[in-house]
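The values are calculated or read from the model by the stated rules, or taken from the named source; none is laboratory data. All figures in this text were calculated on a predicted structure; none of them were measured in a lab. With ideal geometry, Cβ positions are generated from the backbone for all residues, glycine too; neighbour counts draw on all protein chains shown. With ligands, DNA and RNA removed, areas are computed over all heavy atoms of the protein, side chains included. Shrake-Rupley method; radii C 1.70, N 1.55, O 1.52, S 1.80 Å.
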Amino acid sequence: ENSIRTQGGDNGIISYDMYFVLSAVDYFFHSKDDATLASWGSLIEQKFETAISFWAADLNGSNPSPGFQGHDDRLGSGLGADSYENRDGSGAEMTGYYKMLSIRAAREYARAVTQCGTCNSTMVAAAVSLDAEFTGYFARNRSLVSTQYGIHAATNAVLTGLTTPAEEQHIYEALLSNPAHVCSFAPFNTYFILEAASRLRLSGGRKQAMQVALQIVHRCFYGMNRLGATTYWE
């Protein structure tokens, strides 16, 4: 009901359109409500139009910025150019984060639609085409994952399902293994870091990945629990 209530707007924050898509996909996989996912087809395609325009500008060398990504200073959002991970004013981490978020949303949407019993062939074809298009964008940006991305963009790259074990090992060693760096300033964003950590294919196997995830839980959330927080802080 809340998704339906808020489906028409994104408050001018383009990443929120992608979060809506992820929410729709989550709802579908947990409810198997084919009819609702099918009813959202045109709306979701509209929400991807902004992402398609963003990528078109990026491929043309226009260096687009997604702007506000939520109040996490590490993404250069709440404090803009004064963010400590955005000192050069380029907004590179915000851009990388949005790029990987849009790829993940396109891929997960296609996965849902192809399992939706009442989604018509036109909707399925559009979703599969979108998946292929955005997967191609990942290939064009693959080198950035290991050379430029910070923890937010890199972990969203993992969540696309397109990173290699070698890339995931690099992300762990360069970013996730640093206890001073691993917590996002917003628990909302830390959730995605945690989710990515649990999926890593590391040299130590599945057990090591889960140990990394549990360390993040302890470091990023335990202190708030001890202080009696009933909701996590932004």
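Structure summary
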| item | result |
| --- | --- |
| Listed residues HIS181, HIS218 arranged by accessible area, highest first, probe 1.4 Å | HIS218, HIS181 |
| Contour excess over end-to-end distance, with Cα ends at GLN7 and ALA35 and 0.36 nm allotted per residue | 8.5 nm |
| Debye log10 I(q)/I(0) at q = 0.19, 0.24, 0.27 Å⁻¹ for the range 177-216, Cα point scatterers | -0.50, -0.75, -0.90 |
| Selected from LEU214, LEU130, LEU159 as most flexible by GNM, with the chain as the system and alpha-carbon contacts under 10 Å | LEU214 |
| Theoretical gain in end-to-end length, GLN46 to TYR27 [0.36 nm per residue, Cα-Cα removed] | 4.9 nm |
| Size of the range 103-149 as Cα extents on the principal axes (Å, biggest first) | 43, 13, 9 |
| Theoretical ellipticity at 222 nm over the chain - DSSP helices of four or more residues, -39500 (n - 2.57) apiece, nearest 500 | -20500 deg cm²/dmol |
| Longest site-free stretch - the chain; sites: chymotrypsin sites (Phe, Trp or Tyr not before Pro), DSSP loop, at most 16 other Cβ within 10 Å | 85-231 |
| Protein accessible area in the chain, 1.4 Å probe - carbon and sulfur % | 51 percent |
| Of ASP34, ASP17, ASP131, the one that fluctuates the most in a GNM where the chain has Cα springs shorter than 10 Å | ASP34 |
| Helix axis angle, 121-147 relative to the chain longest principal axis, alpha carbon, degrees | 20 degrees |
| Förster radius 45 Å - calculated FRET efficiency between GLN211 and VAL128 (Cβ-Cβ, nearest 0.05) | 0.75 |
| Length-normalised contact order of the chain in % [C-alpha pairs under 8 Å, at least 6 apart] | 16 percent |
| Candidates SER102, SER15, SER198: whichever shows maximal mean-square fluctuation once the chain is modelled as a Gaussian network with Cα springs under 10 Å | SER198 |
| Largest-first ellipsoid semi-axes for the chain, taking √(5λ) over the Cα gyration tensor eigenvalues, angstrom | 28, 21, 19 |
| Pairwise FRET efficiency - SER203 versus ARG226, Cβ, R0 = 30 Å, nearest 0.05 | 0.35 |
| Solvent-accessible heavy-atom area per residue, rounded to whole Å², over the chain at 1.4 Å | 49 Å² |
